[in-house]
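Reading through the structure tokens given below for one structure.
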Amino acid sequence: MPVQPLGIHHVTAVASDPQRNVDFYATTLGMRLVKQTVNFDAPDTYHLYYGDAQGTPGSVLTFFPWPGVPRGRRGTGQATVMSVSIPQGSLGWWRERLSRLGVDVSDPVSRMDEEALSFHDPDGLVIELVAHADAPQIAPWEHSPVPPEHQVRGFHSVTMSERSLDPTAELFTDMMGFGLVDEAEGRYRFDVGEGGPGRRVDVLAEPDAPQGLVAAGTIHHVAFRAPDDDTEAAWREQIAGRGVDVTPIIDRNYFHSIYFREPGGVLLEIATDPPGFTVDEPLLELGRSLRLPPWLEPRREQIAAALPELKLPDEPDDPYARREDGPRGGGVA
Ligand code: ZN
């Protein structure tokens, strides 16, 4: 079965302060915090997930907030820009909102028939809001400070910087079923499946750029969607069969994942759509309290004690959140 992901599943980046991360993504950008858990490989630190109201694959942005971690460096061998879709008429609205909230936002730039705003998150991660007519429908988040008509609509694309285009282009086209669909000013656009927003990777050939260093404000990895476990297992065999060093299938509780590096050095993941974020809490309560995978649950007390308390955005209409003994007042405890 040839490897051909359905599109981008999630993007994971490194942050420093977890509270500042929540404030920016849940309040400034108005995304839903859909999961509060820990880094399964380093359970003394958070892993925070943001997305649309349901955490639909393709809308999910995740962070490892490591307090005190130094800033990384954008450069080659790295995914350097995360681009998110917004409706075509929302560019001015977002520019005004971001400016009013003190975010240093660029003038709109035109690129490949689209317009984009660019800015940095509090750790320096480059984010683009790309306005276009076919911004996908998502599950709007009713408690977002951003009105549904302007809410972000999942990933548009990820931009990768590479010292050399060819080996990376070959991996995306020959092994992962992408096709080159556009090219302008050193930017090579690869689409998979039907193409379009959420099924797109841009590769910049930047032979003179410094090598990237993954730390705060940089993207840790990019995950693509597999529809189910059987397909992922078949794809893993394909990838391994090409001599690529790929991990076994790893249980990430909300999806099952394999990881490998493309030739330029960017860490890629293929993650299954199921089981999703409602596997361990109901849809209405996503993200309101600390969730742990079964194998870490026995250590909950110790893990929770080591994590800084998070103040979550208010959800005034949520009866669960109004409960005096609910998780809001107590943060992660
Ligand atoms: Zn991941």
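Taking 7 Å steps out from each Cα toward its Cβ at Glu285 and Arg261 produces label points 4.2 nm apart.
The HN-Hα couplings worked out from phi for segment 155-161 by the Karplus form 6.51 cos²θ - 1.76 cosθ + 1.60 (θ = phi - 60°) are 5, 8, 6, 10, 9, 10, 9 Hz, whole numbers, x standing for Gly and Pro. With only Cα atoms counted, segment 1-122 has Rg and Dmax values of 15.7, 50 Å.
Counting only protein heavy atoms and a 1.4 Å probe, tell me what percentage of the chain's accessible area is made up of carbon and sulfur. Intermediate results must be reported in sequence, preceding the final value.
Numbers: 6870 of 13940 Å².
Carbon and sulfur: 49 percent of the exposed surface of the chain.
The residues of segment 164-228 have, on average, 42 Å² of accessible surface per residue, using a 1.4 Å probe with all protein chains present.
Under a model in which nothing but the beta-carbon of Lys, Arg (+1) and Asp, Glu (-1) is charged, segment 8-306 shows a dipole of about 740 debye around its Cα centre. Model label points for Asp251 and Leu213, set 7 angstrom from Cα along the Cα-to-Cβ axis, are 3.8 nm apart.
Before rounding to the nearest 500, sum -39500 (n - 2.57) across all DSSP H runs of length at least 4 in the chain and divide by the residue total; then give [θ] at 222 nm in deg cm²/dmol.
Working: 7 runs with 49 residues, N = 333.
Computed ellipticity for the chain at 222 nm equals -3500 deg cm²/dmol.
For Tyr46, the residues 5 or more places off, or on other chains, whose built amide H falls under 5 Å of its own are Asn39. Here the simple spin-label model places points 7 Å from the Cα toward Cβ, and for Asp166 and Met1 these points are separated by 3.3 nm. Can you give the translational diffusion coefficient of segment 193-267 in µm²/s, computed by Stokes-Einstein from the Kirkwood radius over Cα pairs at 37 °C and 0.692 mPa s? Estimated diffusion coefficient is 223 µm²/s. For segment 265-301, the residues whose backbone nitrogen is under 14 Å from a point 7 Å from the Cα of Gln238, taken along Cα to Cβ, are 270-271.
Quick one: longest stretch of the chain between exposed loop trypsin sites (Lys or Arg not before Pro), exposed meaning at most 14 other C-beta atoms within 10 Å and loop per DSSP? Walk me through the numbers before you get to the answer.
Details: sites that count: Arg242, Lys311, Arg323.
With trypsin sites (Lys or Arg not before Pro) excluded where exposed in loops, the chain gives 1-241 as its longest stretch.
Ordering Ser99, Gly154, Thr247 by the projection of their Cα atoms onto the charge dipole of the chain, which places +1 on the Cβ of Lys and Arg and -1 on the Cβ of Asp and Glu, puts Ser99 at the extreme positive end. With the charge dipole of segment 8-306 set up from +1 on Lys and Arg Cβ and -1 on Asp and Glu Cβ about the Cα centre, the Cα lying farthest toward the positive end among the listed residues Gly124, Ser59, Gly193 is that of Gly124.
Note that the chain carries a Kirkwood radius of 20.2 Å, evaluated over its alpha carbons pair by pair.
The 3J(HN,Hα) values that the Karplus relation (6.51, -1.76, 1.60; θ = phi - 60°) gives for segment 23-29 are, in residue order, 4, 6, 7, 7, 9, 4, 8 Hz. Gly and Pro appear as x.
Couplings 3J(HN,Hα) of segment 266-277, computed from phi: 6, 6, 10, 9, 10, 10, 6, 4, x, x, x, 7 Hz, in residue order, whole Hz [Karplus 6.51 cos²θ - 1.76 cosθ + 1.60, θ = phi - 60°; x for Gly and Pro].
Sort out for me the Cα centre separation of segment 177-233 from segment 1-56, rounded to whole Å. For segment 177-233 versus segment 1-56, the Cα centre distance is 18 Å. When the Cα positions of Pro210, Ala79, Met175 are compared along the charge dipole of the chain, Pro210 comes out farthest toward the positive end, with charges on each C-beta of Lys, Arg, Asp and Glu.
The values are calculated or read from the model by the stated rules, or taken from the named source; none is laboratory data. For clarity, every value in this text was computed on a predicted model and none was experimentally measured. Methodologically, a virtual Cβ is constructed for each residue, glycine included, from the backbone with ideal geometry; neighbour enumeration extends over all protein chains shown. The accessibility values were calculated without ligands, DNA or RNA, using every heavy atom of the protein model including side chains. Shrake-Rupley method; radii C 1.70, N 1.55, O 1.52, S 1.80 Å.
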